[in-house]
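Heads up: the structure comes next, in structure tokens.
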Amino acid sequence: MISFRYRAVDASGKQISGQIEADSIEAASSNLAARGCFLLSITPARDLLSKLRAQLLKQRVRRSDIIELASNLSVMVGAGIPITMALGDIIDSITNTTLQTTLADVKQEIEQGSTFSDAIERYDDLFPDIFIRLVRVGEETGRFEKSLADVSEHLQRMEDLASAIKRALIYPTFAIISTLGALVFWLVYVLPKIISTLTGMGVKLPLLTRILMAASDYTQRFWYLAPVLVVGWLLLLKLLKRNESFCYRLDQLKLKLPIYSLIEYNRLLALLAEQMRILIVAGLTIDRTLGIVSAVMRNRVFLRSLETVREEITYGSGIAEAMRKHPVFPVLMVRLVGIGESSGSLDNQFSFLAGHYLKQLDDISEKLGKIIEPMVIGFIGIMFAVIIMGLLLPVYDLISAVGKG
């Protein structure tokens, strides 16, 4: 895709300018004409400044925008409105310029003979992979509007999942940052002033106070090392992530860490169940479904287990039987999958499981604050007890010396 700078007159007669991406200058001109614009000038935007400006001005497309798009398209196509007309109405009604431009390109490609799934596949940075796959399945099976409705429902569940995780992490993140901020404030601003006053009075400082002084001095002199160490650690982690064995061990650790594992494990189970549900509803075979889901699971422990399950199913094993061999899948999931296999209701069982693990995440997010609060209070209490003792010990020695004098 090439970036072009343009000036044009829109349908209302207003002169506009901006930047557009297309394969050629002809494609860019046709795209603008399809939007009802009369082109005045168009030139390639080759300089770095123009590209940087385009990226900065590019409006972010949120998941909620894609959910609304899928829902509206499903309703309009289900009502018998042609896809191009439906896209035209949506383009006129949305305010997100990035999505508006993308949909105009998609509409133009459909008018030139492309399918909707092929048109949106070019914009996989905006449309999730599951959106493209389900739309393609809907086109092949004649369930296009149903696939769009399924996409909307699925993405809404994923949005709920992301919201539950954010709620669960808000309190601990805030508590850790505020505690570290308070510690740095005491070490950098409060302690040096108090201790310098005591030193000026000729008070002999005890060991604890001298340790605090050393910590304060080190913090003031080498504060710049903190961001350097953080960046260095992130770079090291990025390099280590190229090693498959390290990544597997790291993902194993995530499933064993206290408290964090509750969030991560339930998130992965909810994602697995929801992906399985939506793909089975779309009519995909279990073999193909597991292949797609394996690619979506970012945790390598789950990924390897699912790949093994897929292989065993290919050789004739049942889904529940294959899953039972892997401890990463809980007993509840294995049991319900077995019931779904025998009764032909796998989609319903996975739907229940997705809802169950999403509820688990909601419960964890509500209780996490109560779980972490005693730990945070205890840590803060110990930290400030040490600081106060370091300050009071020399004061006590000073009062004792004055009393004896």
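The values are calculated or read from the model by the stated rules, or taken from the named source; none is laboratory data. Computed from a predicted structure; not experimentally measured. We place every Cβ from the backbone using ideal geometry, glycine too, and count neighbours over all the protein chains shown.
Scanning the stretch 276-289 for residues that are crowded, with 23+ Cβ neighbours inside 10 Å and out of contact with any Leu (no Cβ under 6 Å at 6 or more places or on another chain) gives Met276, Arg277, Ile278, Leu279. Comparison of Val151, Val137 shows that the only residue that is within 26 Å of Gly80 (Cα to Cα), in a helix (DSSP H, G or I), hydrophobic (A, V, I, L, M, F, W, C) and touching a Phe, Trp or Tyr at 6+ places or on another chain (Cβ under 6 Å) is Val151.
Evaluate the stretch 281-288: report whether one residue or more is farther than 30 Å from Ser152 by Cα and in the same structural domain as Val376 (by TED's automatic domain parsing). No, the stretch 281-288 has no match at all. Taking the numbered list (1) of a type in the set (A, V, I, L, M, F, W, C); (2) crowded, with 18+ Cβ neighbours inside 10 Å; (3) closer than 30 Å to Asp347 by Cβ; (4) touching a residue at least 60 places away in the same chain (Cβ under 8 Å) in turn, Leu212 passes all entries but (3).
Within the stretch 111-130, the residues that satisfy the criterion of being part of a loop (DSSP other than H, G, I, E, B) and within 21 Å of Asn96 (Cα to Cα) are Arg122, Tyr123, Asp124, Asp125, Leu126, Phe127, Pro128.
Applying the criterion of being exposed (fewer than 10 other Cβ atoms within 10 Å of the Cβ) and hydroxyl-bearing (Ser, Thr, Tyr) to the residues of the stretch 218-261, the residue that is nearest to Arg300 (Cα to Cα) is Ser245. Please tell me if Ile120 is modelled with pLDDT of 85 or more and closer than 28 Å to Ser294 by Cβ. Yes; evaluated as a whole, the condition is true for this residue. What do you reckon, is Pro172 crowded, with 17+ Cβ neighbours inside 10 Å and within 35 Å of the chain's Cα centre (by Cα)? So Pro172 fits the description; yes. Just one of (1) in a loop (DSSP other than H, G, I, E, B); (2) touching a residue at least 40 places away in the same chain (Cβ under 8 Å); (3) under 30 Å from Ile170 (Cα atoms) fails for Ala273. It is (1). Looking for something closer than 27 Å to Met375 by Cα, over 20 Å from the mean Cα position of the chain (by Cα) and not hydrophobic (A, V, I, L, M, F, W, C) - is there at least one such residue anywhere in the stretch 232-239? No, the conditions are met nowhere in the stretch 232-239.
Tyr265 - would you say it is under 19 Å from Tyr357 (Cβ atoms), touching a Leu at 6+ places or on another chain (Cβ under 8 Å) and free of Cβ contacts under 8 Å to residues at least 12 places away in the same chain?
For Tyr265, the condition - under 19 Å from Tyr357 (Cβ atoms), touching a Leu at 6+ places or on another chain (Cβ under 8 Å) and free of Cβ contacts under 8 Å to residues at least 12 places away in the same chain - is met.
For the stretch 287-333, the set of residues classified as part of a loop (DSSP other than H, G, I, E, B) and under 18 Å from Ala354 (Cα atoms) consists of Met297, Arg298, Asn299, Val328, Phe329, Pro330, listed by residue number.
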